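Participant: Supplied in structure tokens, the structure appears directly below.
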Amino acid sequence: MSVAEIDSEARQNIVETEPQFGPSTHCIVIMEQPPLMGNEPPPQWRVSATLTLREKVLGKNVVLADLPTVIVGPLIHKRQVVAMAKYPSPVERWSFRFQSDAGRATALVWLHPGTSPVTECGIFVVQHGLQE
């Protein structure tokens, strides 16, 4: 698992899986948001991912492929699973990008790669029951 702090005002917010975990077919995104100050609205985050693929059918070089952007949030728990990205073959590295609609928002992000049989491809937002 890898963890990094993201900041809505940073030029780039990229969190990548650690190479020692090896290829995986899915990656779970966990976010933790600090308490909001005053009447600040809870932020929503745009999350996109670039996959680093190394498949024999694609040749000997690595191939980078982007998944469509999704919107997650606002977070309703201090720490929660917000999305799961899937690809039907092993992914060498997952690189996630984060952008917030809030003027000032920070969060901690954990990436948890894993292997499971998948038939879908994309980023899937994990809905939480307290959302309206």
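Participant: If R₀ is 41 angstrom, what is the calculated FRET efficiency for the pair Leu58 and Ala4, using the beta carbon separation as r and rounding to 0.05? Please list the in-between numbers first.
Facilitator: Details: r = 28 Å, r/R0 = 0.69.
It comes out at approximately 0.90.
Participant: Still on this structure: Identify the trypsin sites (Lys or Arg not before Pro) of the stretch 23-123 meeting these criteria: DSSP loop state and at most 11 other C-beta atoms within 10 Å of the C-beta. Let's see the in-between values first.
Facilitator: Numbers: sites: Arg46, Arg54, Lys56, Lys60, Lys78, Arg79, Lys86, Arg93, Arg97, Arg104; in loops: Arg54, Lys60, Lys78, Arg104.
Loop-located and lightly packed - Lys60, Lys78.
Participant: Counting other C-beta atoms within 10 Å, which of Leu111, Leu36, Leu64 has the fewest, and how do the rest follow? The partial results should precede the final answer.
Facilitator: Details: Leu111 23, Leu36 15, Leu64 10.
Fewest to most other Cβ atoms nearby, the residues stand as Leu64, Leu36, Leu111.
Participant: Here is a follow-up. In nm, to one decimal, how far is the modelled label at Thr119 from the one at Gln44, with both set 7 Å along Cα→Cβ?
Facilitator: 3.0 nm
Participant: Give the lysines whose C-alpha is closer than 25 Å to that of Lys78, dropping any in the same chain fewer than 8 places away, or say none.
Facilitator: In chain and number order, the partners are Lys86.
Participant: Note down the Stokes-Einstein diffusion coefficient of the stretch 2-125 in µm²/s, whole number, using a Kirkwood radius over alpha carbon pairs, 4 °C, and 1.567 mPa s. Intermediate results must be reported in sequence, preceding the final value.
Facilitator: Values: Rh = 15.0 Å.
It comes out at roughly 87 µm²/s.
Participant: Most mobile of Val57, Val118, Val81 per a Gaussian network model of the chain (Cα springs, under 10 Å)?
Facilitator: Per the Cα network of the chain with a 10 Å cutoff, Val57 tops the list.
Participant: Sum up the charges of everything whose Cβ sits under 15 Å from the Cβ of Arg79, counting Lys and Arg as +1 and Asp and Glu as -1, but leave Arg79 out.
Facilitator: The answer is -1.
All of the numbers you see were taken from the coordinates with simple rules; none came from a lab. Because the structure is a prediction, the values reported are computed rather than measured. Virtual Cβ from ideal backbone geometry, glycine too; neighbours counted across all protein chains shown.
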